[in-house]
Amino acid sequence: MKITAVETHVVNAEMRNWVFVRVLTDQDGLYGWGEATLEWKAQAIVGAVRDLAPLVVGLDPRDIEHAARAMRKHGFWQPLGVVGMTAVSGIEMALWDILGKSLGVPVWRLLGGKVRDRVPVYTHLGMGDMRAVYGSMSPESVVERGRKVVEEGYRAMKVVNVPYTHYTATPRDIDTFAAGIVALREAVGEEIEIMVDFHGRCASTGAALAYIDAIRDCRVMFVEEPILSVDVPSMKRIAERSPIPIATGERLTSAADFAPFLAERCMTVAQPDLCHCGGFSEARRIAALAEVAGVGIAPHNPLGPIAGVAALHFDVATPNFIIQEEMTGAVPWYFEVVRGPIRRVDGFWQVPDRPGLGVEVDLAVAAKHPFAPEPNPAREARIADGTIVDW
């Protein structure tokens, strides 16, 4: 069996362009799907996939580690960076899909079999509608949208209501932020899990810890990315002083990136993104390192339907998995463009049983949503004096 071609199909989902990757083989009707979505970088990803394709065409798609090493090591530049690793991830996912189809088993079976009977998930305010995700800043909007999430049957939600911040946090910003989380906890009760995403908006440990301390009594499951995931000493300082567990890792793109954070116990929860960290193979290495360090896994996934299904298979087979991010409400036609096995019951995704990833892309529906420039809410990331800060 040989790889004959690698295709990309870009689908505009309003706030993101999903990049679907299809790997074709010389076996009639046998191909695999993956996803290589990266915010505001769709055209770069399409180019990167085209650049990587010659490194895998002609290889046996079932030799997944061999193909992944070819893509990572035969491009000269190491590390590849997030664009390169996202392109690798999309192709690598598709190879697992091919392997599973060729053997007639779901991908989770190839990853060692299931270690759980269902997968707990959480969504964002607005069920993934990006305007709600990043536009719910007032306590009133947080509570209103939080109640709707619960009404939709979710048992966990994440909130992004930390103000754009520089090196210090003002009392007003801290109080408004905390008021939203306090009100949300009161509104949804103690049975609903709440996570707070700082989105790396704090430029200092002091600012991050000021916000964290303000919600110390809200029984938050974890705070995510209190600062950017580039500074091990600062993240360690936050983890040591925070009364709330720390989650981070969505911007790390390899096991090597995670290793120093795990060695220093900078997190309670690691958040690799299968679309950015090299796919299943590298995500498994990250999970193994995390398990040795006593760290759980909550994969990052605000992306498209194939990314969601890939995360589902990974979660079924990963012992130290905790909870899965999902955005199935990102667009009304989410389940039309990709027919797949995602099925939510009582706040849990169910274990899939179809061979491979179990997805099929409706190219006719995809064609109705061609590439379009994505709106960039990061342009709003400025403080009062006009200084540009992290989004």
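The values are calculated or read from the model by the stated rules, or taken from the named source; none is laboratory data. In this text the structure is predicted, and so the values were computed from the model without any measurement. Cβ: placed from backbone, ideal geometry, glycine included. Neighbour counts: every protein chain shown.
Is there a residue in region 278-286 that is surrounded by 24 or more Cβ atoms within 10 Å (Cβ to Cβ) and either under 26 Å from Asn12 (Cβ atoms) or modelled with pLDDT under 95 (or both)?
yes
Tell me which of these Ile45 doesn't satisfy, since it passes every other one: (1) farther than 21 Å from Gly358 by Cα; (2) touching a Pro at 6+ places or on another chain (Cβ under 9 Å); (3) at pLDDT 95 or above.
(2)
Looking only at region 231-287, count every residue that is in contact (Cβ under 8 Å) with a residue 12 or more places away in the chain, more than 21 Å from Asp97 (Cβ to Cβ) and part of a loop (DSSP other than H, G, I, E, B) and tell me the total.
Adding up the residues that qualify gives 16.
Hey, any hits in region 20-35 for a residue that's β-branched (Val, Ile, Thr), free of Cβ contacts under 8 Å to residues at least 60 places away in the same chain and under 21 Å from Gly308 (Cβ atoms)?
no
Would you mention how many residues in region 14-27 are modelled with pLDDT under 95 and out of contact with any Leu (no Cβ under 9 Å at 6 or more places or on another chain)?
Residues that pass the stated criteria total 2.
Kindly indicate which of Val292, Val316 is out of contact with any strand residue (DSSP E or B) (no Cβ under 8 Å at 6 or more places or on another chain), over 21 Å from Glu39 (Cα atoms), among the β-branched types (Val, Ile, Thr) and not assigned by TED's automatic domain parsing to the domain that holds Asn17.
It is Val292.
Just to verify a result, which residue in region 287-340, among those that are under 28 Å from Asn12 (Cβ atoms) and of a type in the set (Val, Ile, Thr), is surrounded by the most Cβ atoms within 10 Å (Cβ to Cβ)?
Only one residue tops the list, namely Ile306.
For Arg62, work out the one condition from (1) in a strand (DSSP E or B); (2) over 20 Å from the mean Cα position of the chain (by Cα) it doesn't fulfil.
So the condition that Arg62 fails would be (1).
From the residues in region 331-386 that are more than 20 Å from the chain's Cα centre (by Cα), of a type in the set (Gly, Ala, Ser) and not in a helix (DSSP H, G or I), which one is nearest to Val309 (Cα to Cα)?
Looking at the filtered set, the residue picked out is Gly356.
Quick one: which of Pro243, Pro260, Pro272, Pro226 is buried (at least 24 other Cβ atoms within 10 Å of the Cβ), farther than 28 Å from Ile306 by Cβ and touching a helix residue (DSSP H, G or I) at 6+ places or on another chain (Cβ under 9 Å)?
Within the list Pro243, Pro260, Pro272, Pro226, the selection yields Pro226.
Just the residues that are among the charged types (D, E, K, R) and either in contact with a Lys or Arg (Cβ under 8 Å, 6 or more places away or on another chain) or not in a helix (DSSP H, G or I) (or both), please, taken from region 152-188.
Correct list: Glu152, Arg155, Lys158, Arg185.
Given the criterion of a type in the set (Ser, Thr, Tyr), touching a helix residue (DSSP H, G or I) at 6+ places or on another chain (Cβ under 9 Å) and in a loop (DSSP other than H, G, I, E, B), identify the matching residue among Thr37, Thr86.
After ruling out the rest, the residue left standing is Thr37.
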